[in-house]
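Undergrad: Before I ask anything, here is the structure I am working with.
The values are calculated or read from the model by the stated rules, or taken from the named source; none is laboratory data. What you are looking at is a predicted structure, and each value in this text was computed from that prediction instead of being measured. Every residue, glycine as well, gets a Cβ built from its backbone with ideal geometry; the counts of neighbours run over all protein chains shown.
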């Protein structure tokens, strides 16, 4: 029965739900906002890790490796040299995809091996350096134009070489100073990014490769701004693009090839820099 108040008026019960509904909606919006902020912070931390922290770690390790190599070779360095590795590297390595098809090779025998005369000891030459195990550093690359000093390691493995801030030496390509093509790869962004600024190189710029046997100086000669990751012709003994045949060489010589990704922060294409051994 309906309740009658004073004066005989009926009291109609009223159920108020609007306030509780607004509270529920506010709670849902608050949780959603917290989730968005948390995701944003996580993404920001990931970006900082990739773009800053990996560079700091890789450059420190690469700088220490440069100093270790120079000490091993008995070279005295000015204070601070080799402590900082600068440059640029791709979010992925700037390497043609089918590196296993690269021709060339690093001879492992000394000149005169098998000679019948035991009294003659042939002097080592650049082509006589035995190939080190994958991931082992064996040279120091310097490019004054972009302020780069970085160790060179055997192979182009991401975990063993490129992600450590090193420059990788393509298996099967020439040794520093030897006839053929010394082909190198490096990151353009993250993990030390040694090849970040190779796009700033110009014809005539000097590039040096220092090994235990000596220092070999190359001069930038030609640049291929964009090519396919599968353009293995650029690292052949006589380098010539198979995608853009107008770029490259037609005669045997002593070449140096730098490969990295382009444009920055992608691995869609490759940027190629060629240099020739200075006579």
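Undergrad: Can you tell me which residue within region 244-263, out of those that are outside any strand (DSSP E or B) and buried (at least 17 other Cβ atoms within 10 Å of the Cβ), is farthest from the chain's Cα centre (by Cα)? Working first, answer last.
TA: First, the residues of region 244-263 that are outside any strand (DSSP E or B): 244-247, 249-253, 263.
Of the ones still in play, those that are also buried (at least 17 other Cβ atoms within 10 Å of the Cβ) are 244, 247, 249.
Details: 244: 24, 247: 23, 249: 25 Å.
Looking at the filtered set, the residue picked out is 249.
Undergrad: Would you be able to say whether some residue in region 225-237 is in contact with a strand residue (DSSP E or B) (Cβ under 9 Å, 6 or more places away or on another chain), modelled with pLDDT of 95 or more, assigned to a loop (DSSP other than H, G, I, E, B) and on the phi > 0 side of the Ramachandran plot?
TA: No, because not a single residue in region 225-237 is in contact with a strand residue (DSSP E or B) (Cβ under 9 Å, 6 or more places away or on another chain), modelled with pLDDT of 95 or more, assigned to a loop (DSSP other than H, G, I, E, B) and on the phi > 0 side of the Ramachandran plot.
Undergrad: Here is a follow-up. Just give me the residues in region 241-279 being within 14 Å of residue 182 (Cα to Cα) and touching a helix residue (DSSP H, G or I) at 6+ places or on another chain (Cβ under 6 Å), in sequence order.
TA: Those that are within 14 Å of residue 182 (Cα to Cα) and touching a helix residue (DSSP H, G or I) at 6+ places or on another chain (Cβ under 6 Å): 257, 258, 272, 273.
Undergrad: What do you reckon, is residue 220 at negative phi, more than 17 Å from the chain's Cα centre (by Cα) and in contact (Cβ under 8 Å) with a residue 12 or more places away in the chain?
TA: Considered against the rule, which asks whether it is at negative phi, more than 17 Å from the chain's Cα centre (by Cα) and in contact (Cβ under 8 Å) with a residue 12 or more places away in the chain, residue 220 comes out as yes.
Undergrad: Something else about it: Quick test for you: out of 153, 175, 183, pick the one residue that is buried (at least 24 other Cβ atoms within 10 Å of the Cβ), at pLDDT 95 or above, under 25 Å from residue 264 (Cα atoms) and touching a helix residue (DSSP H, G or I) at 6+ places or on another chain (Cβ under 7 Å).
TA: Sole residue among the options that is buried (at least 24 other Cβ atoms within 10 Å of the Cβ), at pLDDT 95 or above, under 25 Å from residue 264 (Cα atoms) and touching a helix residue (DSSP H, G or I) at 6+ places or on another chain (Cβ under 7 Å): 183.
Undergrad: Please work out if residue 246 is free of Cβ contacts under 8 Å to residues at least 12 places away in the same chain and over 25 Å from residue 146 (Cα atoms). Give the derivation first.
TA: Values: free of Cβ contacts under 8 Å to residues at least 12 places away in the same chain: yes; over 25 Å from residue 146 (Cα atoms): yes.
So residue 246 passes the test.
Quick grid of which residues meet (1) at negative phi; (2) in contact with a strand residue (DSSP E or B) (Cβ under 8 Å, 6 or more places away or on another chain); (3) surrounded by 10 or more Cβ atoms within 10 Å (Cβ to Cβ); (4) at pLDDT below 75:
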site: 34; (1), (2), (3), (4): yes, no, yes, yes
site: 40; (1), (2), (3), (4): yes, no, yes, yes
site: 45; (1), (2), (3), (4): yes, no, yes, yes
site: 59; (1), (2), (3), (4): yes, no, yes, no
site: 62; (1), (2), (3), (4): yes, yes, yes, no
site: 67; (1), (2), (3), (4): yes, no, yes, no
site: 70; (1), (2), (3), (4): yes, yes, yes, no
site: 79; (1), (2), (3), (4): yes, no, no, yes
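Undergrad: Taking only region 198-218 into account, find how many residues are modelled with pLDDT of 95 or more and not in a strand (DSSP E or B).
TA: Number of matching residues: 8.
Undergrad: Residue 206: over 23 Å from residue 148 (Cβ atoms) and in contact (Cβ under 8 Å) with a residue 12 or more places away in the chain, yes or no? So that I can check it myself, show each step before the final result.
TA: Values: over 23 Å from residue 148 (Cβ atoms): no; in contact (Cβ under 8 Å) with a residue 12 or more places away in the chain: yes.
Spelling it out, it is not the case that residue 206 is over 23 Å from residue 148 (Cβ atoms) and in contact (Cβ under 8 Å) with a residue 12 or more places away in the chain.
Undergrad: A follow-up question, please. Could you tell me whether any residue of region 156-167 is in contact (Cβ under 8 Å) with a residue 12 or more places away in the chain, in contact with a strand residue (DSSP E or B) (Cβ under 6 Å, 6 or more places away or on another chain), assigned to a strand (DSSP E or B) and buried (at least 21 other Cβ atoms within 10 Å of the Cβ)?
TA: yes
Undergrad: Just to be sure before I move on: is residue 266 under 23 Å from the mean Cα position of the chain (by Cα) and either at pLDDT below 95 or assigned to a loop (DSSP other than H, G, I, E, B) (or both) in the structure I sent?
TA: In short, yes.
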